[in-house]
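A quick write-up on the structure given underneath.
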Amino acid sequence: MTFPIDTVVALLNKEIAGYQVPVVDLIAAQTNDPFKVLTATILSARTKDEVTAGAARRLFAQAENAEALARLSVAELEKLIYPVGFFRSKARYLAALPEVLRRDFAGQVPETIEELLRLPGVGRKTANLVMAVAFSKPAICVDTHVHRIMNIWGYVQTRSPAETETALRAKLPQQHWLRINSLLVAFGQGTCKPRAPHCNRCVIAAYCPQLGVQPRKTAGKEQFPCPVLRLVSWNVNGLRAVMDKGFLDSMSKLNADIIALQEIKALPEQLPEAARSIPGYQVWWHPAKKKGYSGVAVFSRKEPLRVRYGLGHEEFDCEGRVLTLEFADFYLVAAYFPNTQDGLKRLAFKQAFNRAMLDHLNQLAVEKSVLLCGDLNVAHKEIDLANPKANVQSPGFSPEERAWMDELVQAGYLDTFRLFHAEPERYSWWSYRTAARQRNVGWRIDYFVVDERSRNRVRAAEIHDDIHGSDHCPVSIDFV
Ligand code: SF4
């Protein structure tokens with residue numbers, strides 16, 4: 001059967017009217033400015049739309065044209081556009097852009113693919129998108145959604161976006177060229193998702209051969225491997241390092257639906273592909289600006305409604321410490337709390353972080369269940385470390401840090417491990433020095449904390465001290 005492309009495009013045009021408009025189209029519609037479309041398109045590569053929108057807003061407040069952009073340094077640009085994907089490379093491209101526009105194009109954004117490709121940071125996809133969106137010129141921008149969905153339909157049989165672009169230029173009626181990217185990006189984000197598309201509510205299901213697709217099994221319901229969610233938190237102390245110590249085997253052993261990692265100590269692009277893309281999981285990264293330091297990530301089989309990066313305070317957020325995932329009936333706050341360091345040098349910083357965190361949790365708890373997980377870098381009670389007497393003023397057991405844990409509990413949050421375990425000598429961190437792990441001279445500083453009303457939704461809480469690879473071991477809860 002010939003695929004009825006005109007009918008399908010007409011149906012999808014109607015369907016996506018109620019969807020969120022892709023950010024680059026939105027900027028084009030709001031500004032009618034090729035410079036802003038170009039810069040927003042550069043920012044948008046490998047970045048979620050909501051992150052691109054925030055970065056574009058901050059950038060345009062400082063630089064609404066090429067002359068103003070030329071006055072910003074690479075460091076300033078990095079700060080403005082963080083946390084878009086590959087922000088360091090993109091900051092360099094943006095810094096170089098005004099000079100190339102001035103020298104080669106009289107300060108104007110060029111209007112041909114070949115000329116656009118001469119700009120820093122502009123590849124074929126970006127050039128096509130700028131042509132189509134900024135100048136309404138015939139161009140087919142093929143991103144992963146277009147490539148994927150066109151192959152699901154059997155409209156093309158190709159192995160790469162570049163091949164798809166060539167095939168579509170030969171086959172797709174020209175009246176659809178301009179719109180096809182915006183249409184399929186919105187449709188791909190809202191219905192025909194990369195994993196488990198919503199075929200049960202798809203308006204074009206009657207025309208779709210669903211090639212290579214595994215649709216969701218039950219109409220109207222999300223499908224998970226198990227009705228109980230296994231949530232895991234693990235400070236891996238360097239994701240690159242732990243990859244060499246059996247991380248993927250540990251992941252499969254833990255069988256987590258959602259796993260929050262702390263101290264990833266790497267930008268996503270510095271990681272091997274096997275760590276960036278683990279089959280069955282989507283991942284969100286919040287690395288620190290400083291290389292090799294801090295950083296959190298969350299891998300999830302369950303798709304969140306939205307993800308927030310940081311606490312909204314630059315002094316904490318530049319250290320990559322917090323990701324908040326919102327699901328239909330709970331929030332998961334995945335965090336790496338600051339270490340107060342020798343002499344409690346960073347105590348004031350940690351106390352400010354703690355206050356901001358408690359405000360954040362309290363705001364979320366107004367709406368629905370809240371789970372906080374991560375390395376809180378504090379042992380709460382004497383039972384939570386091997387040598388309490390020797391550590392009364394140590395970082396992680398100082399009276400001030402323990403007092404905040406008291407405050408957290410008084411505010412109605414529960415340490416889930418202690419809901420199920422009263423026994424001593426259960427730890428989640430051991431110093432690398434003095435063979436502490438073999439002697440079980442440790443600290444319990446990794447937690448799952450839930451708000452009071454979620455108490456009955458926690459079915460188990462565990463410390464997985466049989467899992468190695470880091471100086472911390474994973475902790476988990478089973479949550480319904
Ligand atoms: S039927 Fe399923 S696979 Fe086909 S377009 Fe719709 S959502 Fe995508």
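The values are calculated or read from the model by the stated rules, or taken from the named source; none is laboratory data. On a predicted model such as this, the values are computed, not experimentally measured, just so you know. With ideal geometry, Cβ positions are generated from the backbone for all residues, glycine too; neighbour counts draw on all protein chains shown.
One line per residue, one yes/no per condition, for (1) part of a helix (DSSP H, G or I); (2) away from the ligand (no atom under 16 Å from the Cβ); (3) not hydrophobic (A, V, I, L, M, F, W, C):
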site	(1), (2), (3)
Val130	yes, yes, no
Ala134	yes, yes, no
Ile140	no, yes, no
Ile149	yes, no, no
Val156	no, no, no
Arg159	no, yes, yes
Glu163	yes, yes, yes
Leu168	yes, yes, no
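Among the strands (runs of 3 or more DSSP E) contained in segment 375-480, which hold 2 or more residues that are over 30 Å from Leu248 (Cα atoms)? If you could, list the steps in order and put the result at the bottom.
Numbers: elements: 413-415, 446-451, 458-463, 475-479.
By residue number, 413-415.
In segment 407-461, the residue that is modelled with the lowest pLDDT out of those that are among the acidic types (Asp, Glu) and surrounded by fewer than 19 Cβ atoms within 10 Å (Cβ to Cβ) is Glu452. It is to be established whether one or more residues within segment 158-176 are within 26 Å of the chain's Cα centre (by Cα) and in the same structural domain as Arg46 (by TED's automatic domain parsing). Taking every residue of segment 158-176 in turn, at least one turns out to be within 26 Å of the chain's Cα centre (by Cα) and in the same structural domain as Arg46 (by TED's automatic domain parsing). Among residues of segment 393-406 that are surrounded by fewer than 21 Cβ atoms within 10 Å (Cβ to Cβ), those with a Cβ under 9 angstrom from a residue that is charged (D, E, K, R) and not in a helix (DSSP H, G or I), sequence gap 6+ or separate chain, pair up as Pro395/Lys345; Pro395/Arg346; Arg402/Lys381; Met405/Lys381; Met405/Asp415. Could you go through segment 101-115 and let me know if any residue there is touching a Leu at 6+ places or on another chain (Cβ under 7 Å), closer than 25 Å to Ala162 by Cβ and surrounded by 16 or more Cβ atoms within 10 Å (Cβ to Cβ). For segment 101-115, residues touching a Leu at 6+ places or on another chain (Cβ under 7 Å), closer than 25 Å to Ala162 by Cβ and surrounded by 16 or more Cβ atoms within 10 Å (Cβ to Cβ): present.
Taking segment 189-210 as the range and being within 8 Å of the ligand (Cβ to nearest atom) and either among the small types (Gly, Ala, Ser) or in contact with a His (Cβ under 9 Å, 6 or more places away or on another chain) (or both) as the test, the residues that pass are Thr191, Cys192, Ala205.
Among the helices (runs of 4 or more DSSP H) confined to segment 1-98, the ones with at least 1 residues that are among the basic types (Lys, Arg) are located at 5-15, 34-44, 49-62, 74-81. Taking residues in segment 61-81 that are assigned by TED's automatic domain parsing to the domain that holds Arg103 and within 17 Å of Leu38 (Cα to Cα), and partners anywhere that are of a type in the set (Ser, Thr, Tyr) and surrounded by 14 or more Cβ atoms within 10 Å (Cβ to Cβ), not one pair has Cβ atoms closer than 7 Å while being at least 6 places apart or on different chains.
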